[in-house]
Amino acid sequence: MLRIALTILMRSSIFLVMAMLFSPPQNSSSFRVYTTNELSGDLSVIDPQIGRAVATIPLGKRPRGIRSSPDNRTIYVTLSGSPVAGPGVDEKSLPPADPKADGIGVFDVLQNKLTKVIASGPDPEQFDVSADGKSLFVANENSASMSIVDIAKGKVTHTFPVGEEPEGVKVSPNGKFVYVTSETDGTVTVIDIETARVIKTFKVGGRPRSVAFLADGSRAYVTGETAGSVTVVDARKHKPVKEIQIGEIGVIRPMTVIISLDSKKAYVSTGRGHKVFVLDTATDKVSGSVEVGARPWGIALSPDGKKLYSANGPSNDVTEVDLATLGVTKHIKAGTGPWGIIAIAP
């Protein structure tokens, strides 16, 4: 009887440990980091407290852009059947695209699984979610367009022409406008959501990749990969006002920009520059930097804003940075080719 009791106790303990590892967190002090792995076609679910991935979920071809719903119970991921093509690659040498693989993957956080894929447009890369959680705004790289997707209906309701190779997409804090960057044209297209029309297009630094707004909506920051800079935009007039040189052109390649919770800082990943730079939004000057890894692309803040996480593609890992000291605290193994990243506490 003692042996049976011990066996039951051991099995119960194992079950409890597994449940703790794989169950989504339930408060802001415990959270998960999710990173899309472009080359292995899956999602790494990382527990930063223990410093490792606790689950790897298959998603589909080329998962890249990633966002969560307003209640953090659903994660959306762009999927693409277009082949991976690095800089300078002859597209004629690539295998044919698989348009059937294009779409937005819908991942249920509580169930910890992909539940469906909804239509969006050809070769979706980045996107944003409306404040009410009902719509997605998706950049379709191969068609120079942006689609509005009705999540409940699972279909595209509007499509807008934007610049060639659209990438960065961001909804303004007041929910009235969407900014879409064009890598090839070096522009930002502004779309009025209520009237569903393009109202303005303006030039920014070369090959813009990402957009972020201050919380009050007064300014936006747009990265320019080939310019080595970030363009500051008057987001009320939709007009660029200055350009911040981050580093040497061709060496420092600004990719993703995100804003601190108090809007006092902007954080910029720099791809092959290996670093994340910190901008003081009061002065619009560089206030610091930290080397995080090989080709940091996507970056995200912890829910309390104290940690930053970068997805480092070539090294297949995620770096954690303590923002108080700008020091790297850990490197966490992810899948192959981590690209996009978020940190949420459901």
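The values are calculated or read from the model by the stated rules, or taken from the named source; none is laboratory data. These figures come from a predicted structure and were not determined experimentally. Positions of Cβ are backbone-derived with ideal geometry, glycine not excepted, and every protein chain shown enters the neighbour counts. For the accessible areas, the whole protein counts, side chains as well, though only heavy atoms, and no ligand, DNA or RNA atoms are used. Shrake-Rupley method; radii C 1.70, N 1.55, O 1.52, S 1.80 Å.
General observations
- Excluding exposed DSSP-loop trypsin sites (Lys or Arg not before Pro) (at most 16 other C-beta within 10 Å), longest clean stretch of the chain: 1-72
- Think of the chain as a dipole: +1 on every Lys or Arg Cβ, -1 on every Asp or Glu Cβ, centred on the Cα centre; then among Val190, Thr159, Thr336, Thr336 lies furthest on the positive end.
- Averaging the sequence gap over all C-alpha pairs within less than 8 Å and six or more residues apart, then dividing by the number of residues, gives the chain a relative contact order of 13 percent.
- Of the GluC sites (Glu not before Pro) in the range 240-326, the ones in a loop by DSSP (not H, G, I, E or B) with at most 13 other beta carbons within 10 Å are Glu248.
- Computed with a 1.4 Å probe over protein heavy atoms only, the accessible surface of the chain comes to 44 Å² per residue.
- Segment Gln49..Ala282, full-extension length gain: 80.6 nm, with 0.36 nm per residue of separation and the alpha-carbon distance subtracted.
- For the range 260-319, the Cβ-based charge dipole about the Cα centre amounts to some 100 debye (Lys, Arg positive; Asp, Glu negative; other atoms uncharged).
- Cα convex hull, the range 101-172: 93 Å³ per residue, rounded to a whole number.
- Proximal aspartates and glutamates to Lys176, defined as alpha-carbon separation beneath 14 angstrom and excluding residues fewer than eight positions away on the same chain: Asp128, Asp132, Asp192, Glu194, Asp216
- Between Ser120, Ser80, Ser143, the GNM of the chain built on Cα springs shorter than 10 angstrom shows Ser143 fluctuating the most.
- For the chain, the residue among Ser269, Gly327, Thr223 whose Cα projects farthest onto the positive side of the dipole built from Cβ charges is Gly327.
- Ignoring lysines fewer than eight residues from Lys306 along the same chain, the ones with Cα atoms less than 19 angstrom from its Cα are Lys264, Lys265, Lys275, Lys330.
- Taking each residue as 0.36 nm, the span from His158 to His331 lengthens on full extension beyond its C-alpha to C-alpha distance by 58.2 nm.
- Taking every DSSP helix (H) stretch of at least 4 residues in the chain, weighting each as -39,500 (n - 2.57) and dividing the sum by the residue count yields a mean residue ellipticity at 222 nm of -2000 deg cm²/dmol.
- The share of accessible area on the chain that comes from carbon and sulfur is 54 percent, using a 1.4 angstrom probe.
- The C-alpha atoms of the chain define a longest principal axis, and helix 2-22 lies at about 0 degrees to it.
- Debye intensity ratio I(q)/I(0), log10, the range 183-240, q values 0.25, 0.26 Å⁻¹ (C-alpha model): -1.02, -1.08
- Measuring spread by the Cα atoms of the chain yields a radius of gyration and Dmax of 20.2, 78 Å.
- Overall, the chain carries a charge dipole of about 640 debye about its Cα centre when +1 sits on the Cβ of Lys and Arg and -1 on the Cβ of Asp and Glu, all other atoms neutral.
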